[in-house]
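Enquirer: Provided herewith is a single structure, encoded as structure tokens, for subsequent inquiry.
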Amino acid sequence: MENDVSSPHKQRFPGLFSRLKQVRVSRTTMVCLFAFALTILMFVSMAFLSPDALQAAEGGAKSALPWWAWPLILFIVTFFLGIAAVLGGVGGGVLFVPIVSGFFPFHLDFVRGAGLLVALAGALAAGPGLLKKGLADLRLALPLAVIASACAIAGAMLGLALPTNVIQISLGATILGIVLIMLLAKKSEYPEVKQACALSTALRINGIYHEASSGQNINWQVHRTAQGLATFVIIGVMAGMFGLGAGWANVPVLNLMMGAPLKVSVATSKFLLSITDTSAAWIYVNNGAVLPMVVVPSIIGIMLGSIIGVRILAKTKPAAVRYIVIVMLLFAGGRALLKGLGI
Amino acid sequence: MADKLKATEEQLVYAKLLDLGMKVGLLTLIITFIIYATGIFAPQIPVSDLPKYWSMPVHQYLEATGIHPGWVWLTMLGKGDFLNFTGIAFLALVTLVCYVRIVPILFRKKDTIYGVIAIVEVLILALAASGVLKSGGH
């Protein structure tokens, strides 16, 4: 009776509300369905791209598929990777390189070149908004970018000079390392920095940002700047060598080592990628390791997927997808390792 | 406090230029790819031959196709595949242009250290883009 009085519309449209409830349920199940579809896609592609088919395609022999099928599959897969990257909280490059190099006939050289351009396009798209909102900080990024971009050049040159199997093995090991970081690394929303270090004080690396969720203005400063700069030597080399982007490494260093708030770390990391990946991408472009037929469908696919991913993320935060992304990385990293070892 | 909450002048200028460059670059990339995919301009490598090359290491691919790396693509813009490098190069040049734009702002604000850092970054990016740095190949 109470329901009847308080909800007259329910009387007029008895079926509508139950249908709306179903819609709400289907929103959450949508994510589960997506996760399920992603897993199925992985296994189907494994079966579809059997070792024989891949070997034939890799050897440039007659593949069962017409030439246009590969860019089309690449576009579809990168579309899903774009969704998975947003929901899983990782960069597109870190999923793109191991998965595409593991399951497509493209040589690792071209995949890494494309991976860098995919990560670069994503960083360029996100950068302006993050800078305007004051979440990404130019003063924090600029000194780190000098080190990272110079080292990314060295990494890219090294990556193109080393034998493919060495890169495959290193890539596999790195991806498995990233999985460990994703599983074990803690995050600190507002790390405590009792005193800014001398270097960050001299460079005036500090700021205030407005935290919309709490309505507070957060003061922040950083410490261990010299250690942070030194770590970016390794991050830069790895970003250039593997074409992965480097958000997975940037964020822990900015947040846990240097003590920048998590949001500032994530935003500054994304912006930093636009600089680091630019320098490395030029080495790949100038050495011929960029094929438009691989690069452009990947960029468009992953960017469209990211847009859809952001829409799904706005409705729900699926923790399960993060674990599926971890499983995908584990799988792709393992495959890269085995491929490098010739197993 | 209110002033500190706002992004700095150089940060806003950088963001505005980055936004414009990214949009123009992506649009160029999409348009040139449509031209390539529809065959309006004949490509240097026929699309049906691509599977023969995309599984090769880059040095082998360059040898097999006779393509010269570096900025040579600028002389081959009449070819559908090389036309795509316009958008790719544009996206890869945006950051360099943004840095060049903020250098005078930093020096005007007497922020000499960051002015020098920005110049060093411009030099690093220019070196990477120049094509001077060649990799030995596998």
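Laboratory data are not the source of any read-out in this text; all were calculated from the coordinates shown. Quick caveat: nothing in here was measured; it's all calculated off a predicted structure. Note that each Cβ is placed from the backbone with ideal geometry, even for glycine, and that neighbours are counted across all protein chains shown.
Enquirer: Compute the signed sum of charges (Lys and Arg +1, Asp and Glu -1) over the other residues within less than 12 Å, Cβ to Cβ, of A:Pro98.
Expert: After counting each charged neighbour, the total is +3.
Enquirer: Let's test the formula: R0 of 30 Å, r as the Cβ-Cβ distance of A:Asn165 and A:Lys194. What FRET efficiency results, to the nearest 0.05?
Expert: After rounding, the FRET efficiency stands at 0.05.
Enquirer: What does the structure give for B:70-82 when I average, per residue, the other chain Cβ atoms found within 10 Å of the residue Cβ?
Expert: Counting Cβ atoms of other protein chains within 10 Å of each residue's Cβ and averaging gives 1.
Enquirer: Using DSSP to define loop residues, name the GluC sites (Glu not before Pro) in the stretch A:161-235 whose beta-carbon has at most 15 other beta-carbon atoms within 10 Å.
Expert: Counting only loop positions with at most 15 other Cβ atoms within 10 Å, the GluC sites (Glu not before Pro) in the stretch A:161-235 are A:Glu189, A:Glu192.
Enquirer: Right, here's the next one. Let a ≥ b ≥ c be the square roots of the eigenvalues of the Cα gyration tensor of the stretch A:161-208; is it rounded (a/c under 1.5), or, if not, prolate (a/b larger than b/c) or oblate?
Expert: Oblate, because a/c is 1.5 or more while a/b does not exceed b/c.
Enquirer: Taking 7 Å along the Cα-to-C-beta vector as the label spot, tell me the B:Trp71-A:Ile218 distance in nanometres, rounded to one decimal.
Expert: Each label point lies 7 Å from its Cα, and together they span 4.4 nm.
Enquirer: Quick check: Cα centre of the stretch A:104-183 to Cα centre of the stretch A:185-222, how many Å?
Expert: The distance from the Cα centre of the stretch A:104-183 to that of the stretch A:185-222 comes to 25 Å.
Enquirer: Where the centroid of each part is defined by its Cα atoms, how far is the stretch A:290-335 from the stretch B:1-52 in Å?
Expert: 20 Å
Enquirer: Counting other beta carbons within 10 Å of each Cβ, put A:Ser188, A:Ser214 in order, fewest first. Kindly include the intermediate steps, with their values, before the conclusion.
Expert: Numbers: A:Ser188 13, A:Ser214 8.
Ranking A:Ser188, A:Ser214 by Cβ neighbours within 10 Å, fewest first, gives A:Ser214, A:Ser188.
Enquirer: Does the stretch B:24-126 come out rounded, prolate or oblate by the C-alpha gyration tensor, with a ≥ b ≥ c the root eigenvalues, rounded set by a/c under 1.5 and, if not, prolate when a/b is larger than b/c and oblate if not?
Expert: It is prolate, given that a/c is not under 1.5 and a/b is the larger ratio.
Enquirer: So, one more: 7 Å from Cα along Cα→Cβ at both A:Ile234 and B:Ser48: what's the point-to-point distance in nm?
Expert: Between A:Ile234 and B:Ser48, the label points sit 5.1 nm apart.
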